[in-house]
Amino acid sequence: MSSRCWNAWFAGTASLGTDKVNVTASPPGQGASDPKWKWIVCGLLLLASAINYMDRQTLANASVRISREFSLTQAQYGNVEAVFGYAFAAGSLVFGWLADRLALRWLYAAVLGLWSLAGLVTGFVKTYDELLLCRMLLGFFEAGHWPCAIRTTQMLLNPSERSMGNGLLQSGASLGAVITPVIMQLLMTSDLGSWRLPFIVVGGVGLLWILPWVLLLKGNDLHPVASASSARIPGAGFASVIFSRRMLVVFVVIACINTTWQILRAWMPKFLQEGRGYSEAQALNFNSVWFIATDLGCLAAGALAVWLARRHLSVHASRVLVFAGCALLCAACVLVPWLGRGWLLLMVLSFAGAGALGVFPLYHAFTQDISPDHQGKITGVAGVAAWLVPAQIQKLFGLLADRTGSFDLGLVLAGFLPLLAVIPLWFFWEKPKSPLP
């Protein structure tokens with residue numbers, strides 16, 4: 001392709017970052033008129049993501065103990081993760097639709113309170129079936145987090161700011177996952193059943209988030225007004241949006257990147273303990289370090305995309321290039337079968353984790369370019385692909401581990417999926433038909 005063609009392509013994709021979503025007038029010191037306020041709200045979204053992952057990661061961090069107590073095979077543990085994923089997919093549809101219709105101030109508070117209760121009740125389960133039920137409820141209500149959060153950042157931030165805002169939002173996942181192993185080690189004892197108390201404590205903590213959220217936002221703070229450029233977005237109707245080329249790309253991308261992330265997130269403690277012989281304490285300590293690495297990768301990816309866009313590279317091109325770099329880091333998993341215990345293995349896993357989470361703020365920014373009127377539904381429908389595929393892969397990952405006696409091959413295969421997602425983003429993401437002002 002000639003340099004003239006490349007310059008035209010970059011110029012066309014640059015227009016993706018110029019559309020703005022406005023917010024209705026808010027009281028002084030709040031809303032879009034106060035830059036500090038919108039970033040405080042983003043900070044609260046970060047905390048919501050942290051709580052989301054604290055409730056989720058309690059299972060992964062206690063997976064060996066729970067497997068022993070309920071005599072679970074790897075396939076059965078994979079089924080526990082799969083049930084969570086299937087429920088998450090269903091919840092994504094429900095809450096994606098509701099996020100576009102109900103006040104986020106109250107909807108967000110409700111879903112966070114309900115998933116916190118589901119996590120808390122998990123500490124009282126007595127059978128494998130009860131564990132499955134609690135994970136199903138947790139997955140269903142946790143699904144409400146992302147449609148609510150992504151719609152919030154869409155309405156708060158301009159397109160050029162969204163990669164950074166989404167990075168803050170997504171980095172909360174790592175923050176929660178860093179804190180969780182510390183809580184687990186403080187609360188668990190040598191008693192096999194002591195894994196239950198952390199579930200109760202973490203679930204209770206989530207309920208505390210509701211108060212500052214309700215107090216910080218007023219009724220009209222998150223009420224979008226259509227911008228002058230919204231009429232130029234292809235397919236104003238929801239059906240046209242869902243069947244658009246961009247949504248097809250979104251389905252492929254999220255299925256790939258979320259499968260990689262969920263495999264690494266859910267199986268890391270088991271891999272370290274049962275696959276490489278680390279103690280529970282060593283695995284939990286590294287789990288915190290690993291999530292710090294993923295957090296740094298997430299924040300760095302968002303910031304780097306913004307920096308490149310400000311250096312005369314188009315917004316779209318900057319996002320794709322950073323996405324591709326993160327995908328290459330994920331592919332470091334190919335080295336895992338040749339690495340035993342030691343710092344080199346842990347370093348490779350850390351790089352892969354940084355890349356695995358780093359792609360998410362970029363992915364969310366892509367979805368926010370599709371339609372300002374249907375963001376909740378877009379996030380929800382995409383959530384189906386995001387969770388149905390990983391849920392099935394979780395089961396297959398467990399079966400593969402049972403049959404081969406190793407987690408290595410599954411980790412290698414998962415590590416290559418983000419690279420596949422680069423292809424549709426670069427070649428098939430539909431450019432706008434006319435430049436935006």
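The values are calculated or read from the model by the stated rules, or taken from the named source; none is laboratory data. In this text the structure is predicted, and so the values were computed from the model without any measurement. Methodologically, a virtual Cβ is constructed for each residue, glycine included, from the backbone with ideal geometry; neighbour enumeration extends over all protein chains shown.
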For this session: State all residues of the range 408-426 that are surrounded by fewer than 17 Cβ atoms within 10 Å (Cβ to Cβ) and within 18 Å of Val315 (Cα to Cα); if no residue qualifies, say none.
Result: Ile423, Trp426
Problem set entry | Long-range neighbours under 6 Å by Cβ, at least six apart or interchain, first residue at pLDDT 95 or above within the range 313-334, second not in a helix (DSSP H, G or I) | Ala331/Phe416
Problem set entry | When residues of the range 237-267 are limited to those that are assigned to a helix (DSSP H, G or I) and among the aromatic types (Phe, Trp, Tyr), the one farthest from the chain's Cα centre (by Cα) | Phe238
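Residues that are surrounded by fewer than 24 Cβ atoms within 10 Å (Cβ to Cβ), in contact (Cβ under 8 Å) with a residue 12 or more places away in the chain, of a type in the set (S, T, N, Q) and more than 21 Å from Ser63 (Cα to Cα): does the range 427-434 have at least one?
yes
If a residue counts only when it is among the charged types (D, E, K, R), which helices (runs of 4 or more DSSP H) contained entirely in the range 63-143 have at least 2 such residues? Give the derivation first.
Numbers: elements: 63-69, 74-99, 104-122, 128-142.
Passing ranges, in order: 63-69, 128-142.
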For this session: Collect the residues in the range 178-220 that are surrounded by 15 or more Cβ atoms within 10 Å (Cβ to Cβ) and of a type in the set (Ser, Thr, Tyr), keeping them in residue-number order.
Result: Thr180
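So which helices (runs of 4 or more DSSP H) stay within the range 325-437 end to end and still have 2 or more residues that are farther than 26 Å from Ile150 by Cα and touching a helix residue (DSSP H, G or I) at 6+ places or on another chain (Cβ under 8 Å)? Don't jump to the end; show me each part of the working.
Numbers: elements: 343-368, 375-404, 408-415, 417-427.
Per the criteria, 343-368, 375-404, 408-415.
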For this session: Run down Leu216, Leu157, Leu197 and say which single residue is at pLDDT 80 or above, in contact with a helix residue (DSSP H, G or I) (Cβ under 7 Å, 6 or more places away or on another chain) and over 12 Å from Thr58 (Cα atoms).
Result: Leu216
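Going by the structure shown, is Ser174 in a helix (DSSP H, G or I), in contact with an Asp or Glu (Cβ under 8 Å, 6 or more places away or on another chain) and over 22 Å from Asn79 (Cβ atoms)? Break it down stepwise before answering.
Numbers: in a helix (DSSP H, G or I): yes; in contact with an Asp or Glu (Cβ under 8 Å, 6 or more places away or on another chain): yes; over 22 Å from Asn79 (Cβ atoms): yes.
When the stated conditions are applied, Ser174 passes them.
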Seminar exercise, completed: (1) crowded, with 19+ Cβ neighbours inside 10 Å; (2) modelled with pLDDT of 85 or more; (3) under 28 Å from Asp373 (Cα atoms) all hold for Phe251 apart from (1)
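Applying the selection to the range 179-193, what residues are in contact (Cβ under 8 Å) with a residue 40 or more places away in the chain and more than 19 Å from Phe286 (Cβ to Cβ)?
Just the residues of the range 179-193 that are in contact (Cβ under 8 Å) with a residue 40 or more places away in the chain, to begin with: 179-185, 188, 192-193.
Correct list: Leu192, Gly193.
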For this session: Scan (1) at pLDDT below 95; (2) small (Gly, Ala, Ser); (3) touching a Ser or Thr at 6+ places or on another chain (Cβ under 7 Å) for the single condition Ala401 breaks and write down its number.
Result: (3)
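Rundown of residues vs (1) farther than 15 Å from Val41 by Cβ; (2) of a type in the set (Gly, Ala, Ser); (3) touching a Phe, Trp or Tyr at 6+ places or on another chain (Cβ under 9 Å); (4) free of Cβ contacts under 8 Å to residues at least 60 places away in the same chain, yes/no style:
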{"site": "Ala110", "(1), (2), (3), (4)": "yes, yes, yes, yes"}
{"site": "Leu137", "(1), (2), (3), (4)": "yes, no, yes, yes"}
{"site": "Cys148", "(1), (2), (3), (4)": "no, no, yes, no"}
{"site": "Arg151", "(1), (2), (3), (4)": "no, no, no, no"}
{"site": "Met155", "(1), (2), (3), (4)": "no, no, no, no"}
{"site": "Glu161", "(1), (2), (3), (4)": "no, no, no, no"}
{"site": "Asn166", "(1), (2), (3), (4)": "no, no, yes, no"}
{"site": "Gly172", "(1), (2), (3), (4)": "no, yes, yes, no"}
{"site": "Ala177", "(1), (2), (3), (4)": "yes, yes, yes, no"}
Problem set entry | Inter-residue pairs, beta-carbon under 6 Å, first over 13 Å from Trp290 (Cα atoms) and in the range 262-273, second polar (S, T, N, Q), 6+ apart | Lys270/Ser63
